Amino acid sequence: MRALRVLNVGPGVAIQDLGRAGYLAKGLTRGGAADVRAVHEGAALLRQAVDFAVLEMVGTGGSFEATDDIRIALTGATMTAAVDGSAVAWNASHILPKGSILTLGPTRDGTYGYLHVGGGFDTPSVLSARATHQSTGLGALVATGDSLDVGADRSGDVGLTLPRDSRFGGGVVRIVPSMQTDDFDAEIRMRFVDTTFRRDPRANRQGVRMDSDGDGFATPKALSIVSEVIVPGDIQITGDGTPFVLLAESQTTGGYPRIGTVLPCDLPRVVQAPAGAELRFEFVSLEDAAAIEARAQSEWCKLRSLAAPLVRDPAEMQDLLSYQLIGGVVSAVHSPLDEG
Amino acid sequence: MTVQFSPLIRSVGLGGVLVTFGDKATDGANRAAIAFRGAVDALGWPEVEESSSTLVSAFFRVDLAQHRFEVVRDKLATVLDGQDWSAARLPEGRALWTIPAVFGGTRAPQFDEAAEAAGLDPAAALADLTGTRLRVLTIGFAPGQPYLGTLGDAWDIPRQVGLSPNVPQGALVAAVRQICLFAKDTPTGWRHVGQSAFRCFRPKGFEPFPLAPGDEVQFADISATELARIEAHNADGSGGAVREELA
């Protein structure tokens with residue numbers, strides 16, 4: 001069987017896919033990749049279906065030996081990446097020759113990096129998915145010595161790249177009013193959208209805590225609400241007034257009120273914001289939110305047409321300063337390569 | 001006389017539509033939520049990708065970027081109209097579970113304390129906990145984990161102030177007229193009144209989630225010795241429970 005042998009690996013590395021839908025009534029949330037857009041990008045770069053399993057990495061990656069020629073793509077948070085010691089480009093697809101060693105990590109921007117393989121990871125499926133659901137103990141983190149089976153690959157395309165988007169450094173996140181938004185006074189809602197939050201280091205696949213200066217956002221009604229359903233992107237306000245953005249691996253229900261819900265297409269911006277990054281929330285109407293999300297869904301489906309040949313990969317140039325890149329002055333300090 | 005609660009239909013982000021039957025966790029609101037969810041599921045609407053019920057609401061997962069909320073809301077309102085859902089029949093296919101459990105002693109150390117909080121002597125408390133046929137009000141917090149109700153008014157006991165650091169899988173814990181049967185070891189403010197060997201989540205089993213909202217549960221009092229015997233032969237996680245179809 002084609003496989004990637006895990007020579008060593010960081011602490012937060014796990015197999016994910018788009019998760020397990022259909023178990024809400026049984027108390028199990030969908031789970032799956034934290035940054036769903038990155039999964040779509042990997043599928044576009046490898047020209048394969050979006051439901052193949054991928055490797056999700058938090059902060060650090062690991063090193064992996066290919067037992068066969070295997071196509072790979074790298075998406076999400078940028079990590080240092082090399083094949084047998086030579087740097088390879090992020091947000092791109094490559095061939096990993098049989099016997100070569102891929103080294104990944106640590107992240108340089110964002111939070112979650114992804115490794116995709118042609119044919120997808122063919123690890124055991126539980127309840128119809130391969131996604132690791134850490135909070136409920138479904139599946140296990142990847143460990144040194146594991147061998148990750150890789151499925152049959154029906155394509156041969158490599159050397160494609162996608163434009164980098166802006167979701168890795170915080171920014172403005174659009175939210176829609178939700179079932180309990182009206183339980184918060186207008187003053188609290190206004191202060192909430194006027195506040196610049198910082199992503200707290202305390203974050204996991206269940207949710208992300210948002211820090212801010214000044215008063216919290218608690219509503220007196222919070223004391224009496226009945227526990228209610230959670231959807232990914234819900235912003236719950238805990239008893240002390242702190243917002244948490246809930247993610248795909250949250251519990252199915254929660255007893256804290258939700259001030260609003262992040263649009264699914266903006267959730268990757270929350271997920272990828274590194275600790276300390278600034279985030280702000282902006283309400284849009286349900287009607288506008290539906291239109292924005294529908295447009296984003298259709299753009300995600302068209303990523304494949306945006307994947308373009310990787311013409312020249314500066315990261316692979318052995319001696320960068322020997323290249324006359326644009327015929328002008330080449331500075332080792334001000335690197336134009338980091339600006340594209 | 002209580003004021004009638006008019007069901008509320010609200011959007012939940014862009015992720016679906018919630019129909020709520022009460023602002024307090026009452027038996028009637030819960031019955032309505034389960035029955036209404038069953039009725040809508042039976043209609044087989046293509047836009048509903050899945051559904052669930054919580055203590056007082058039915059949730060329908062619909063992609064509101066692809067289906068207008070107002071349209072889904074109006075369809076749900078049509079189903080709501082003209083029926084008292086709190087008195088509706090519960091859906092077909094439910095089960096009655098008889099689950100053996102130890103009450104009190106070292107395996108359930110807060111039984112006496114809970115009985116006292118309920119103002120009952122231990123015999124009366126045991127009679128309540130084993131004589132009341134409870135309904136699975138909702139499944140949640142952990143996969144497969146049921147909240148069971150509703151016990152009599154005496155059992156409207158608050159959560160304890162401090163948390164018990166680790167109450168084991170299979171525990172029966174009591175608060176606010178409900179019993180929760182723990183799917184896994186859990187820190188909790190509810191009181192540990194009983195202990196079973198029933199596994200609520202069996203990821204590799206034939207039926208990973210044995211319980212469903214609307215199922216009924218009756219506990220049978222057994223000795224600690226008997227529980228130990230069940231635990232020694234519990235590879236399938238059934239914990240000695242017996243399942244019967246409800247007509």
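Looking at the range B:73-83, can you tell me whether even one residue there is touching a Lys or Arg at 6+ places or on another chain (Cβ under 7 Å), within 14 Å of chain A (Cβ to nearest Cβ), surrounded by fewer than 23 Cβ atoms within 10 Å (Cβ to Cβ) and farther than 19 Å from B:Ile139 by Cβ? Write out each step before concluding.
Residues of the range B:73-83 touching a Lys or Arg at 6+ places or on another chain (Cβ under 7 Å): none.
So far as the range B:73-83 goes, no, none of its residues is touching a Lys or Arg at 6+ places or on another chain (Cβ under 7 Å), within 14 Å of chain A (Cβ to nearest Cβ), surrounded by fewer than 23 Cβ atoms within 10 Å (Cβ to Cβ) and farther than 19 Å from B:Ile139 by Cβ.
How many residues are in contact with an Asp or Glu (Cβ under 9 Å, 6 or more places away or on another chain), part of a loop (DSSP other than H, G, I, E, B) and either within 14 Å of chain A (Cβ to nearest Cβ) or open to solvent by less than 50 Å² (accessible area, probe 1.4 Å) (or both) if we restrict to the range B:103-147? Break it down into steps so the answer makes sense when it comes.
Residues of the range B:103-147 that are in contact with an Asp or Glu (Cβ under 9 Å, 6 or more places away or on another chain), as a first pass: B:103-104, B:115, B:118, B:120, B:122, B:125-126, B:129-130, B:133-137, B:146.
Next, from what is left, pick out any that are part of a loop (DSSP other than H, G, I, E, B): B:104, B:118, B:120, B:133.
Now drop any that are not either within 14 Å of chain A (Cβ to nearest Cβ) or open to solvent by less than 50 Å² (accessible area, probe 1.4 Å) (or both), which leaves B:104, B:118, B:120.
Of the residues in that region, 3 qualify.
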- Query: Which of the residues belonging to the range A:30-42 are open to solvent by less than 10 Å² (accessible area, probe 1.4 Å) and farther than 15 Å from A:Gln272 by Cβ?
  - Reply: A:Gly31, A:Gly32
- Task: Evaluate the range A:175-184: report whether one residue or more is touching a Pro at 6+ places or on another chain (Cβ under 7 Å) and among the charged types (D, E, K, R).
- Result: yes
- Message: Residues that are more than 21 Å from A:Val39 (Cβ to Cβ), hydrophobic (A, V, I, L, M, F, W, C), over 25 Å from the mean Cα position of the chain (by Cα) and open to solvent by 30 Å² or more (accessible area, probe 1.4 Å): does the range A:231-245 have at least one?
- Response: no
- Message: I'm trying to understand the selection: among the residues of the range A:128-156, which are surrounded by fewer than 19 Cβ atoms within 10 Å (Cβ to Cβ), assigned to a loop (DSSP other than H, G, I, E, B) and at pLDDT below 95?
- Response: A:Ser128, A:Gly137, A:Ala140, A:Arg154, A:Ser155, A:Gly156
- Message: Within the range A:83-91, does at least one residue satisfy the condition of being open to solvent by less than 10 Å² (accessible area, probe 1.4 Å) and not in a loop (DSSP other than H, G, I, E, B)?
- Response: no
- Please tell me if A:Arg199 is crowded, with 18+ Cβ neighbours inside 10 Å, of a type in the set (Lys, Arg), under 20 Å from B:Gly13 (Cα atoms) and within 27 Å of the chain's Cα centre (by Cα). no
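From the list B:Arg61, B:Arg68, B:Arg10, pick out the single residue that is within 8 Å of chain A (Cβ to nearest Cβ), of a type in the set (Lys, Arg) and over 24 Å from the mean Cα position of the chain (by Cα). Let's see the steps before the verdict.
Details: B:Arg61 fails: over 24 Å from the mean Cα position of the chain (by Cα); B:Arg10 fails: over 24 Å from the mean Cα position of the chain (by Cα).
Just a single option satisfies the conditions, and that option is B:Arg68.
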- If you go through the range B:18-29 one residue at a time, do you hit one that is under 22 Å from the mean Cα position of the chain (by Cα), at pLDDT 95 or above, assigned to a helix (DSSP H, G or I) and within 11 Å of chain A (Cβ to nearest Cβ)? yes
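In the set A:Ile259, A:Ile235, which member is within 11 Å of chain B (Cβ to nearest Cβ), modelled with pLDDT of 95 or more, under 21 Å from B:Val17 (Cβ atoms) and not in a helix (DSSP H, G or I)?
On the way: A:Ile259 fails: within 11 Å of chain B (Cβ to nearest Cβ).
Answer to the check: A:Ile235.
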- Flag for B:Glu47 being more than 14 Å from chain A (Cβ to nearest Cβ) and in a loop (DSSP other than H, G, I, E, B): no
- Could you tell me whether any residue of the range B:138-158 is of a type in the set (S, T, N, Q), modelled with pLDDT of 95 or more and touching a Gly at 6+ places or on another chain (Cβ under 6 Å)? yes
- Item | Answer from B:Glu244, B:Glu231, B:Glu226, B:Glu207 - the residue that is open to solvent by 60 Å² or more (accessible area, probe 1.4 Å), outside any helix (DSSP H, G or I) and away from chain A (no Cβ under 14 Å) | B:Glu244
- Starting from the range A:122-137, take each residue that is farther than 15 Å from B:Ala183 by Cα and list its partners that are part of a strand (DSSP E or B) and aliphatic (A, V, I, L, M), counting only C-beta distances under 6 angstrom and pairs at least six apart or across chains. A:Thr123/A:Ile15; A:Val126/A:Leu138; A:Arg130/A:Ile15; A:Thr132/A:Ala14; A:Thr132/A:Ile15
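Applying the selection to the range A:46-61, what residues are assigned to a strand (DSSP E or B) and either open to solvent by 10 Å² or more (accessible area, probe 1.4 Å) or charged (D, E, K, R) (or both)?
Of all residues in the range A:46-61, those assigned to a strand (DSSP E or B) come to A:54-58.
A:Glu56, A:Val58 - these are the residues of the range A:46-61 that are assigned to a strand (DSSP E or B) and either open to solvent by 10 Å² or more (accessible area, probe 1.4 Å) or charged (D, E, K, R) (or both).
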- Query: Looking at the range B:156-169, is at least one residue open to solvent by 10 Å² or more (accessible area, probe 1.4 Å), β-branched (Val, Ile, Thr), away from chain A (no Cβ under 14 Å) and outside any loop (DSSP other than H, G, I, E, B)?
  - Reply: no
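From the residues in the range B:188-204 that are within 14 Å of chain A (Cβ to nearest Cβ) and more than 17 Å from the chain's Cα centre (by Cα), which one is surrounded by the fewest Cβ atoms within 10 Å (Cβ to Cβ)? So that I can check it myself, show each step before the final result.
Narrowing the range B:188-204 to residues within 14 Å of chain A (Cβ to nearest Cβ): B:188-190, B:199-204.
Adding the requirement that they be more than 17 Å from the chain's Cα centre (by Cα) leaves B:189, B:202-204.
Working: B:Gly189: 13, B:Arg202: 17, B:Pro203: 17, B:Lys204: 8.
If we take residues in the range B:188-204 being within 14 Å of chain A (Cβ to nearest Cβ) and more than 17 Å from the chain's Cα centre (by Cα), then B:Lys204 is surrounded by the fewest Cβ atoms within 10 Å (Cβ to Cβ).
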- Result of the Cβ filter at 7 Å on the range A:1-29, keeping first residues that are at pLDDT 95 or above and buried (at least 20 other Cβ atoms within 10 Å of the Cβ) and partners that are among the aromatic types (Phe, Trp, Tyr) and in a strand (DSSP E or B), at least 6 apart or interchain, is A:Leu4/A:Phe64; A:Ile15/A:Phe121
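Determine which member of the set B:Ala58, B:Ala65, B:Ala35, B:Ala42 is open to solvent by 10 Å² or more (accessible area, probe 1.4 Å) and touching a helix residue (DSSP H, G or I) at 6+ places or on another chain (Cβ under 6 Å). First the steps, then the outcome.
Values: B:Ala58 fails: open to solvent by 10 Å² or more (accessible area, probe 1.4 Å); B:Ala35 fails: open to solvent by 10 Å² or more (accessible area, probe 1.4 Å); B:Ala42 fails: touching a helix residue (DSSP H, G or I) at 6+ places or on another chain (Cβ under 6 Å).
Testing whether each residue is open to solvent by 10 Å² or more (accessible area, probe 1.4 Å) and touching a helix residue (DSSP H, G or I) at 6+ places or on another chain (Cβ under 6 Å) leaves just B:Ala65.
The values are calculated or read from the model by the stated rules, or taken from the named source; none is laboratory data. The shown structure was predicted, so the numbers you read here are calculated from the model rather than taken from an experiment. Methodologically, a virtual Cβ is constructed for each residue, glycine included, from the backbone with ideal geometry; neighbour enumeration extends over all protein chains shown. For the accessible areas, the whole protein counts, side chains as well, though only heavy atoms, and no ligand, DNA or RNA atoms are used. Shrake-Rupley method; radii C 1.70, N 1.55, O 1.52, S 1.80 Å.
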